[in-house]
1. Of the conditions (1) crowded, with 20+ Cβ neighbours inside 10 Å; (2) not in a loop (DSSP other than H, G, I, E, B), A:L472 clears all except one; give me its number.
2. Would you point out which residue out of A:S150, A:S120 is buried (at least 20 other Cβ atoms within 10 Å of the Cβ) and farther than 24 Å from A:S75 by Cβ?
3. Away from every other protein chain (no Cβ under 14 Å), surrounded by fewer than 19 Cβ atoms within 10 Å (Cβ to Cβ) and either at pLDDT below 90 or within 21 Å of B:E93 (Cα to Cα) (or both) - does that describe any residue in the range B:23-46?
4. When the residues of the range B:97-106 are narrowed to those that are modelled with pLDDT of 90 or more and surrounded by 12 or more Cβ atoms within 10 Å (Cβ to Cβ), which ends up nearest to A:T53 (Cα to Cα)?
5. Quick one: which residue in A:T270, A:T301 is surrounded by 18 or more Cβ atoms within 10 Å (Cβ to Cβ), among the polar types (S, T, N, Q) and within 30 Å of A:D133 (Cα to Cα)?
6. Go through the range A:331-372 and report how many residues are in contact with a Pro (Cβ under 6 Å, 6 or more places away or on another chain) and within 14 Å of chain B (Cβ to nearest Cβ).
7. Any idea which residue in the range A:29-46 is nearest to the other protein chains (Cβ to nearest Cβ), counting only those that are open to solvent by less than 40 Å² (accessible area, probe 1.4 Å) and free of Cβ contacts under 8 Å to residues at least 12 places away in the same chain?
8. Can you list residue pairs whose Cβ atoms sit under 9 Å apart, with the first residue in the range A:208-237 being within 16 Å of A:K268 (Cβ to Cβ) and of a type in the set (D, E) and the second being assigned to a loop (DSSP other than H, G, I, E, B) and open to solvent by less than 40 Å² (accessible area, probe 1.4 Å)? Count only pairs 6 or more apart in sequence or on different chains.
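The values are calculated or read from the model by the stated rules, or taken from the named source; none is laboratory data. What you see is a predicted model, and the numbers here were worked out from it, not measured in a lab. Virtual Cβ from ideal backbone geometry, glycine too; neighbours counted across all protein chains shown. Note: areas computed on protein heavy atoms with side chains; ligands, DNA, RNA excluded. Shrake-Rupley method; radii C 1.70, N 1.55, O 1.52, S 1.80 Å.
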Amino acid sequence: MCTLQKQHSANGPPLLNDVAGEYFAPLDINGRRRDADERPELSKGSVEFVAPTEYMVRPPMPPLYFFLIDVSLSSIRNGMLKVAAETIKSSLDKLPGFPRTQIGFLTFDSALHFYNLKSSLTQPQMMVVADLDDPFVPLPDDLLVNLSDSRHVVEALLDSLPSMFEENTNIESAFGPALKAAFMVMSQLGGKLLIFQSTLPSLGFGRLKLRGDDPRIYGTDKEHTIRIAEDPFYKQMAADLTKYQIAVNLYAFSDRYTDIASLGTLAKYTGGEVYYYPSFHANLYKEKFSHELARDLTRETAWEAVMRIRCGKGVRFTTYHGHFMLRSSDLLALPAVDCDKAFAMQLTLEDTLMTTQTVYFQVALLYTSSSGERRIRVHTMAVPVVTDLGEMYRNADTGAIICLLSRLAIEKTLSHKLEEARHVIQLRIVRSLQEYRNLFAVQHRLSGRLIYPESLKLLPLYGLALCKSLALRGGFADAHIDERSAAGFNMMIIPIKKLLKLLYPSLSRLDEYLLKGEDDGKASLQRLVLSAERLDPRGAFLYDDGFRFVLWLGKVLPAEFVKNLLGVEAANSPDLSKLPVIEQNNELSRKLLATLKTLRERDPAFYQHCYLLRQGEQPREGSLLLFNLVEDQIAGTSGYVEWLLQIQRQVQQK
Amino acid sequence: MVKVTMIARVSDGLPLAEGLEHFRELNNGSDFEFYKQKAKLLFNKLSLGEPGPSRMSLRIEPYCFHYIMEDGVCYITLCDQSYPRKLAFHYLEDLQREFGKLDRSKIETASKPYAFIKFDVVIQRIRKLYLDTRTQRNLSKLNNDQYKVQQIITREFNEVIGSDENKNAEDASTNLMISNRALPRLSNDIESAIRDSKVMEKVALKWMPAIALVTVICILIWARVALWGVM
C-alpha cells in the first residue's frame, strides 16, 4: 500500500505548496518520492536549470571584452603596453563565446583614441577626441565589433599598438573621460571592461590628488579617508556600470602613487578585481602579468548575473562581503562573475527557536552562459542543528571564520583606524574562546590554562597572521598605501584556501630537497614554522604565499651551488633584485624550475613571480620575507607566544 | 533604417533569435523595449492560430513593423516609416533564406528561449547590407519591379492588436523590465484550492444533481406518508 503525496514543502520555510499535476509521483514506504533519484533537483546538491523567458529582460548577451589602455609615457617606459597587446592577441582564439564574442579598444593619454574595427577595413582607423569636458563617441557602430568578423583588423591593431605609441612623451592621463567614453560604447550590451593604468589620473573629471603621503594622518580620526575614494565620481560610475551589466577589472602598474583606493572602487562595486603590479617592468614581470591577463580573458565567466541566498526558518542573512552591488537588501548584482571569486555572508539566529533538526541553505545564481543560454545554478546545503553549544564549537570551521573575519576587518579599515580593525579581530577571538571556556567553568576547576576545541586550535594563529597581513599591519611606514589598498581588495574576493595560504605562507628548505637524487622521487617540500630562526644561513629556502615566491639564499651557501642554480651573475652580484630566475643548463636548475612550475600549477588564477633574496640584503629582506614570518616578534608586533598570552589573559578577565 | 529584428516560432511565440543592438539610438534604449513588447504582442496574436496573410506592415508611430511568416517561423523587423518597404521585405526575405538553412526539426523541437541566439551574427551581417538605402545593391533592389510590395497590406498596429491586449501586455512588461526582479517570489496566478479543484468539479456536476433528485424523492415520499398516514 502506498501513500500519495499531494502537497510538499520546499526545503525552506515549512509552507505547504500543492504539487502540480505533471510533477506528481507516489511515495515509497519511507515517505520519499519514488522518482527522487531520477530527478537531479531532488537528489543532488548542485543543479543547473535552463531559465525560461520570465527570467530575462533581454535576449542572452554575447561575451564582450573592452580594453581601456593608458598609453601615457609610464605605460611605454615600463613595457606594459607591449605585453598587454601580445597577451590579448595570443588569447583571441580562447576567448569564450565563439562566434558571438564582441571586442573593442580605447586608448588614452591627454586625449581619447577610438578605433574603427569595421570588418571591411584592412587596417583599423584611429579617431582622436580631445574634448574631455563632454566626451562623445565618434561612431555609432564598429567601435565594438564581432571578433570573428573583424579578426584581421583586431590583430592588425594589436600588432601596431606598441609601435604607434613608442615615441609618446605625453604624461597626462584623462582617465575619467576615457572611462565615461568606454561606458558609452559598452552600455547597450554590457560585458567586461579591462582597464590598464600606469599613472595617476591627471586630466578631466575624476582626476585624483596626491594624497596618502602624509604620515601624520595615521592614528587620527581621518586615517580611513585615504583608503576610500574621495571623489564621488568613482562610486557613481560603478553604480552606472553595474546597472548596464559592465564589470571592471583594474590592472595597475606603477612605482608611484596611483590612488588604488579610488580606482579599485570601480572593481569593488561591479564584481570585478584589482591586479596590482608595483614597480612593474616588462623584462621582469612579463610572465606574471601575461599569465594572469590570459586567465582573466579565458576563464569561465557568468554574464549579467544576479545571486541570492536563502535559508530555512530560524536564521536570516544580515550582511554580505565581497565584490558586488547589493540590490534590494539581499540580491547581489554581478555583471560578470567568474570561477575565481568567493563571497561571504553573515547570518543571525532569529528570535524564534529552531525546532527542526536540519536547516537548509540554498544559493542561486541567475546568469547568461558564454554560449548564450540563460541559466540558474542552484547549490543546496543541509546543516544539522544542535542543541549543545559545545558540539557546535567542536565542528567549527576555522577557514570560514578567518575568511569572514578578514573581510569584516578590511571593511572596518574603510571607516576606522587600522588599529581598531586589528583590535576587533583579537576581540572576536577572545569572545569566542570565552564562551567556550564558560561551558566548562562550572564543572571543572580551570586554572590559568587556555581552553579551546581541537577545531579552533589554529584560530589564534591565523588571527595573528591576519593582523600582520599587508592590508592591516602597522601604520604609515609598514606598507605603501597603494599596496595596502590592493591587498585589501584582493582579500575580499579570494576563496578560503587561497586566503589561508596568503596569511600563513609555506616556507621550505630548498637546497636539500633539490640535491636529493632521483631515487628519492617521492620526497616533497617540508613546510616549516614561519620563524626567522628556521632560516639556516647554510641553506636556500623557498617562501610561497600563493601570489609570489621568495627564494632566500643563506650567507654561507656555497657559491658553486648558487652558480649552478641561478647562473654566474647571481653568484657574483650583490644586488639580486633585477635578476630573473632562468633555467641554467644543469640538473639542479632544471629541478628548481620544475618545482616552481608544479607549485604554480596548483592554482591557475595567479602566477607567482620568483623574487631572489640574499641573507642580509636590506631593506628588501625585511619587506619581502622577514615581516611575513608571522610567528616572530618583529618591528613592534607580537610574536605568536606573546599573542597567545595576550589572548589568554583577556579570556580570563571576565 | 532597420532598428530591431526578432525571429519567433509561430506555433507558440517562442523567441528563437534577435538582432544585437550596439548603440543606443539617441539616448533612449528604453524606447526599443516598448517596441519589443509590442512585437511580442504581435507574436502572441499570430500564434493564436488565425492564419492571416503571410506578409504585412503595421504602422506604429514613428516606426513601422514589417513581418513575414514562412515555414512556421515569423520574422519581424522595426524600421523608420521613411525606410522603403521594398528594402525591408528584401531584408526579411534574406533573413528567411539564411534561417531556413538551419535544421527544421531543431526549430520545431526547440524548448529553450533564444535557442538560435547564435544566429544574431548573421542578422548583424545582413542588417549592415541594408543600412544605407543608396548603395548600388540596394538601389537595384528598389528598382526591381518583380517584387510586388504594393500587394502587401499595411495596417495600423493598434487596429490589429486590440487595446485590451495592449494594456495587459504593458502591465506584464513593467514587471519584467526591472532587471533585479530576477527570481519571482510567488506565482501570480495562484490557483484557488477550492474553486479549481477537479474533485470538487466532479462532485458539483455529477453527484449534486443525483443527490438533489434523491432528496426530493425522499421528501415527497415522507410528505405522502406524513399527510396521508400509512401508505
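1. Here A:L472 meets the rest and fails (2).
2. A:S150
3. Within the range B:23-46, one or more residues are away from every other protein chain (no Cβ under 14 Å), surrounded by fewer than 19 Cβ atoms within 10 Å (Cβ to Cβ) and either at pLDDT below 90 or within 21 Å of B:E93 (Cα to Cα) (or both).
4. B:F99
5. When all the criteria are applied, what remains is A:T270.
6. 3
7. Among them, the one singled out is A:D35.
8. Close Cβ pairs satisfying both conditions: A:E230/A:L208; A:E230/A:R211; A:E230/A:D259; A:D231/A:G206; A:D231/A:L208.
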